[in-house]
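K.L.:
My questions will all concern the structure given below.
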């Protein structure tokens, strides 16, 4: 699991000063969004996140900050709103925050089976993803999250390399320090080749953040209350109770069926017996009516 990251607080003052000097022109001419510059200068956590992402190396950190601030301005991240993103994308409910892992990290849950590649909605999907990350990052810049790629019931048609690459870029580049780790849950064998392509986008260190898990492993990371229904193991006692209930149900059904059959057979048998008795009684009555008059005529 995740370890405590180094504290680069001591490097922040010098880095902040260097940032404002080196990018003074970009700040002035609007290459960067002034809202981002203001937030970064007020909250040292953002600079610490960049330093951690670059192992405390100042030149790499400054290059990283420049790249992210340009992307945020060009993408209009600060102006993204829920209302400005297609309702159809939100209705899929495919990327949502729900619950926390055992270490208290918020879970961003991506249900892969709910994603369908649609070129008309790709840009809105990316905006939704950026919006989700940004909402957490601006409110809790120092708190890491985990991302679950939930492959339950997913297939080839649900895989989208472009969208997946965008998510990876968000957690490894655009929002430094946000990721605790990634869980790939129940990834089908057929998708292994695609994931090998995705792994090629990650550094060795970043690949170490990716955990491949099955149902039997998920409890290592998530308590039962934070697991989706399809992730939960059915307890042995529950299986026994279910089997017993099934047997009782089958027994009752068999008993009712046998009762109905016995009833029908008894009814048919009683009907036949009553019929035979009626026939015999009718025969006797017929015999009586035919004999007595003859006797009377014989003795008259």
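The values are calculated or read from the model by the stated rules, or taken from the named source; none is laboratory data. Everything numeric in this text was worked out from a predicted model, so none of it was measured. Glycine gets a Cβ as well: all are built from the backbone with ideal geometry, and neighbour counts include every protein chain shown.
K.L.:
Do any strands (runs of 3 or more DSSP E) entirely within the range 89-183 hold 2 or more residues that are surrounded by fewer than 17 Cβ atoms within 10 Å (Cβ to Cβ) and in contact with a strand residue (DSSP E or B) (Cβ under 7 Å, 6 or more places away or on another chain), and if so, which?
P.N.:
In the range 89-183, the matching strands (runs of 3 or more DSSP E) lie at 95-100.
K.L.:
Which one of 77, 39, 89 is over 23 Å from residue 182 (Cβ atoms) and touching a helix residue (DSSP H, G or I) at 6+ places or on another chain (Cβ under 8 Å)?
P.N.:
39
K.L.:
For the range 184-224, which positions are touching a strand residue (DSSP E or B) at 6+ places or on another chain (Cβ under 6 Å) and either part of a helix (DSSP H, G or I) or on the phi > 0 side of the Ramachandran plot (or both)?
P.N.:
Scanning the range 184-224 gives no hits.
K.L.:
To continue, here is another question. Can you name the condition, by its number, that residue 142 falls short on among (1) modelled with pLDDT of 95 or more; (2) farther than 24 Å from residue 191 by Cβ; (3) touching a helix residue (DSSP H, G or I) at 6+ places or on another chain (Cβ under 8 Å)?
P.N.:
(1)
K.L.:
Now for a separate question. Does residue 49 fit the bill of being out of contact with any helix residue (DSSP H, G or I) (no Cβ under 8 Å at 6 or more places or on another chain) and surrounded by 18 or more Cβ atoms within 10 Å (Cβ to Cβ)?
P.N.:
yes
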